[in-house]
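Enquirer: Structure below; questions to follow.
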Amino acid sequence: YGRQRRPMRGLSYQSNSTAGGSLISQSFDSGSDANIMGSLSWTEGATTLPANTSATVSLRVGTSTTTLNSASWIDFASSTCARSGTAVSCSTANLTTGSSTLTDSTGNQWWQYKITLGTTDGVNTPQVNDVTVQYAVNGAPDFQITPTASQNTAIASSTFGKVDISYLARDNDASSSS
């Protein structure tokens, strides 16, 4: 997995109105259009958001910075992902539920996140301290250079003339292979 972490220490939204606010990250290059989003996580300022507030983290992906800038945002909140204390984590399954475009291995080279903090009373404010996006570097598999082949030459066999070809393939993206 590739991982890019961009800490945002003490980011908070403060307002005297009922308006919301957003922070949009820079564009990040994962290195390949075949890569997929693996997970999204962030830390909120408290184990529960203050009353009358909301915090949403959104992702978008594209094949280039041009397509990224016109891509739709896919929203995630602590209510749609797993929460443990102040940590919120969205797995690949959460991301796929949000939109299959995040995990379809096409058009995912460039990505960006957005944090939207909202308050409906102007008194309480939510806080997001950091965001971590993890993606899978989807490389081509390795194949054995010289496969082995054998033919059944036993005339009485029901598999007479059958050729068995054996080869090994390894997924470069997996932590183990056979």
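The values are calculated or read from the model by the stated rules, or taken from the named source; none is laboratory data. As the structure is a computational prediction, the values presented were derived from the model and not from experiment. So basically every Cβ, Gly included, is an ideal-geometry build from the backbone, and we count neighbours across all protein chains shown. Heads up: the accessible areas ignore ligands, DNA and RNA and are worked out on the full protein's heavy atoms, side chains in. Shrake-Rupley method; radii C 1.70, N 1.55, O 1.52, S 1.80 Å.
Enquirer: For region 105-167, what is the accessible area per residue in Å² when the probe is 1.4 Å?
Expert: Details: 3600 Å² over 63 residues.
Here the per-residue accessible area is 57 Å².
Enquirer: Which FRET efficiency, nearest 0.05, do ALA77 and ALA140 yield, Cβ-Cβ r, R0 30 Å? Walk me through the intermediate numbers first.
Expert: Working: r = 36 Å, r/R0 = 1.20.
After rounding, the FRET efficiency stands at 0.25.
Enquirer: In nanometres, what is the gap between the two model label sites at SER84 and GLN151, each 7 Å from Cα along Cα-to-Cβ?
Expert: 5.8
Enquirer: Related question: Residues of region 16-71: accessible area per residue at 1.4 Å, in Å²?
Expert: On the way: 2470 Å² over 56 residues.
Ligands and nucleic acids excluded, the result is 44 Å² per residue.
Enquirer: Separate question: Enter the accessible area of THR153 (Å², nearest 10), with the probe set to 1.4 Å and all protein chains included.
Expert: Probe radius 1.4 Å; accessible area of THR153 about 110 Å².
Enquirer: Ok, one more. Mind listing the phi-derived Karplus ³J(HN,Hα) values for region 99-114, rounded to whole Hz, using 6.51, -1.76 and 1.60 with θ = phi - 60°, and x for any glycine or proline?
Expert: Coupling constants for region 99-114: 5, 5, 5, 6, 10, 9, 6, 9, x, 10, 5, 9, 9, 7, 10, 9 Hz.
Enquirer: Among 158-165, 27-34, 101-108, what's the highest-first ranking by average C-beta atoms within 10 angstrom per residue?
Expert: Details: 158-165: 9.5, 27-34: 15.6, 101-108: 17.5.
In descending order of packing, they fall as 101-108, 27-34, 158-165.
Enquirer: Of all the accessible heavy-atom surface of region 39-82, with the other protein chains kept in place and a 1.4 Å probe, what percent is carbon and sulfur?
Expert: Details: 950 of 1910 Å².
Looking at region 39-82 in its full context, I get 50 percent from C and S.
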